[in-house]
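> Structure below; questions to follow.
The values are calculated or read from the model by the stated rules, or taken from the named source; none is laboratory data. Note that the structure is a prediction, hence the values are computed from the model and not measured. Heads up, the Cβs are rebuilt from the backbone with ideal geometry, glycines too, and the neighbour counts pull from every protein chain shown. SASA here: full protein model, heavy atoms, side chains in, ligands and nucleic acids out. Shrake-Rupley method; radii C 1.70, N 1.55, O 1.52, S 1.80 Å.
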Amino acid sequence: MPAARRATRALTALTAASALTLGLVACGSGSSSSSSSSTSAGPGSEASGSASASAGGSASGSASASATAATDGSIDDIKVSGGDDKTAPKIDLAKQPFGVAKYTSKVLKEGTGDATNAKSVAVVDYVLVNGTDGKTLDENFSTEAAGFDVGDESLIQGLRAALTGVKKGSRVVAALTPNDTFGPQGNAQAGVAGTDTLIFVFDVADVVTKLDAATGKTVTPKAGLPKATWQEGKPATFEMPKSDPPKELVIQKLIEGEGAKVEKGDTVFVTYTGALWRNGEVFDSSFKQSPTASFSFPVGAGKVVAGWDKGIEGQKVGSRLLLVVPPKDGYGDAGQGDIKGDDTMVFVVDILGKY
C-alpha cells in the first residue's frame, strides 16, 4: 500500500490538512479551516490522531505566549540576496528579534504576465525564517517548487495574502505576524512561538490557472457502475448498484476534459468525494474542509492509493472521473479507519490543473 504524505515541514504547517495529507491544520486566528476526522480516509491517508491536536501546537514546548512580541520592525529591515533555482537566498535582519505590528509584503523583483488571483496556483520556491532568532524553518530551493492554491480559503491568512497578486518571475518578501499564522498559541511542532513574526521569501516559478470544476465533453458511463451526482461546492452523492463490486480497478470518464494530459511526475490539483460501495456512505471529500479547497499530489509517486495514481495518469485537465477502487488498489486487507479490508471505494474526481 502506498505511503501517505507526511507533512513535517514547517511551511506545510501553514496550510490546512485534509484527511488525505496528514498535513497540519493551522489553528491561528487567520485560518478558516477545521480539522478533518481522524477516522476518515481518502486516497493518501493513514490512521493517526486528530489533526487539530498536532497542528495548532501546544504552548508547552515553545516560547511562552506571554512573552513580549517584537513589533517595531519594517519590511525594509529584511535584506534578501543571492539564491538560484538550487540554493535559497540569504536573509539578513537589520535587527533581532525582528517583528512587525501588522502583515506587510514587498515585491523585490517584478515578474511578468497576469497576477495571481483566487483561480491561480502559485508555484514557488520559498524560504521561511523565524524573525525572533533568524533561524531558517524551511526552504524548498534545494528540492522542488511547491504549488499553492491561492483561492483555497483554508490556507493560513498570511500565506494566502502573500501569494495573491504576484506574477511569474517575481521575488517577494512578506512578514507574517502571529495573527497571520498560528495565533498566540504558536505551533511547537513547526518551531513557532505565539510571539514570532515569520519571514516568507519566495520566487514565483510559475502561475497556473485552476478550473472551478470539470469541463468538456460529457461521457455516458458503462452500465452497472455507481451513479455519482456532483454538487457545486459540496460533496457528491452516490447511488450504488445492488451487485457485487468489480475486482479490478475501474476508470470511467464522466467528463472528458480538453486540457493538457497528466503525465507521471506532474503535480495535479483535484477535488474529490469518496464513498463506500457497500452502503454509499461518503467517508471523505475535499469539500468538507472548504468549498474552495483542492487537493494536490504528485502523480505516480505513491503518495496516494494506487487506484488514484493509475486512474489519473494519462487523463486530461478538465476531466471528471469515476474511480472504483478495489482493496488491492486501495488500503489492502488492513483497511483504513472506517474502511474495511474488503471494502471497495468509489471516487468522483475533478482534475482542475497541473504543473
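> Quick check on Thr273: is it within 21 Å of Thr237 (Cβ to Cβ) and not in a strand (DSSP E or B)?
On the way: within 21 Å of Thr237 (Cβ to Cβ): yes; not in a strand (DSSP E or B): no.
Spelling it out, it is not the case that Thr273 is within 21 Å of Thr237 (Cβ to Cβ) and not in a strand (DSSP E or B).
> Here is a follow-up. Tally the residues that are over 13 Å from Asp203 (Cβ atoms) and either open to solvent by 10 Å² or more (accessible area, probe 1.4 Å) or modelled with pLDDT under 90 (or both), restricting the search to segment 157-171.
Our first condition is that a residue be over 13 Å from Asp203 (Cβ atoms); within segment 157-171, this holds for 157-161, 164-165.
Right, trim to either open to solvent by 10 Å² or more (accessible area, probe 1.4 Å) or modelled with pLDDT under 90 (or both) and you get 157, 160-161, 164-165.
Summing the residues that are over 13 Å from Asp203 (Cβ atoms) and either open to solvent by 10 Å² or more (accessible area, probe 1.4 Å) or modelled with pLDDT under 90 (or both) in segment 157-171 gives 5.
> Just to verify a result, which residue in segment 133-150, among those that are more than 16 Å from Asp206 (Cα to Cα) and in contact (Cβ under 8 Å) with a residue 60 or more places away in the chain, is least open to solvent (accessible area, probe 1.4 Å)?
Asp138
> So how many residues does segment 74-92 have that are out of contact with any strand residue (DSSP E or B) (no Cβ under 6 Å at 6 or more places or on another chain) and under 23 Å from Asn140 (Cα atoms)?
So the answer is 5.
> Quick check on this structure: which one of Thr344, Thr267 is farther than 28 Å from Ala205 by Cβ, touching a Phe, Trp or Tyr at 6+ places or on another chain (Cβ under 6 Å) and hydroxyl-bearing (Ser, Thr, Tyr)? If you could, list the steps in order and put the result at the bottom.
Working: Thr267 fails: farther than 28 Å from Ala205 by Cβ.
Criteria check complete, one pass: Thr344.
> Of the numbered conditions (1) at pLDDT below 95; (2) touching a strand residue (DSSP E or B) at 6+ places or on another chain (Cβ under 8 Å); (3) under 23 Å from Val124 (Cβ atoms), Phe287 fails exactly one; give the number of that condition.
Here Phe287 clears every test but (3).
> Ok, one more. Please verify whether Lys261 is out of contact with any Ser or Thr (no Cβ under 9 Å at 6 or more places or on another chain) and surrounded by 12 or more Cβ atoms within 10 Å (Cβ to Cβ), treating the condition exactly as stated. Lay out the reasoning, then the answer.
Details: out of contact with any Ser or Thr (no Cβ under 9 Å at 6 or more places or on another chain): yes; surrounded by 12 or more Cβ atoms within 10 Å (Cβ to Cβ): yes.
Yes: the conditions hold for Lys261.
> Return only the number of the condition from (1) within 18 Å of Thr273 (Cβ to Cβ); (2) in a loop (DSSP other than H, G, I, E, B); (3) basic (Lys, Arg) that Lys242 does not satisfy.
(1)
> While we're here: List pairs: first in segment 86-108 and in a strand (DSSP E or B), second open to solvent by 80 Å² or more (accessible area, probe 1.4 Å) and not acidic (Asp, Glu), Cβ under 7 Å, 6+ apart or cross-chain?
Here the result reads Asp92/Lys79, each pair linking segment 86-108 to a residue that is open to solvent by 80 Å² or more (accessible area, probe 1.4 Å) and not acidic (Asp, Glu).
> May I pose another question? Under 6 Å between Cβ atoms, at least 6 apart or on separate chains: pull out the pairs that start in segment 317-345 with a residue that is touching a residue at least 60 places away in the same chain (Cβ under 8 Å) and under 22 Å from Trp230 (Cα atoms) and end on any residue that is among the acidic types (Asp, Glu) and open to solvent by 30 Å² or more (accessible area, probe 1.4 Å).
Gly318/Glu258; Ser319/Glu256
> Have a look at Val268, Val305 and point out the one that is buried (at least 23 other Cβ atoms within 10 Å of the Cβ), of a type outside the set (D, E, K, R) and farther than 23 Å from Phe238 by Cα.
Working: Val305 fails: farther than 23 Å from Phe238 by Cα.
None of the other options fit; the residue is Val268.
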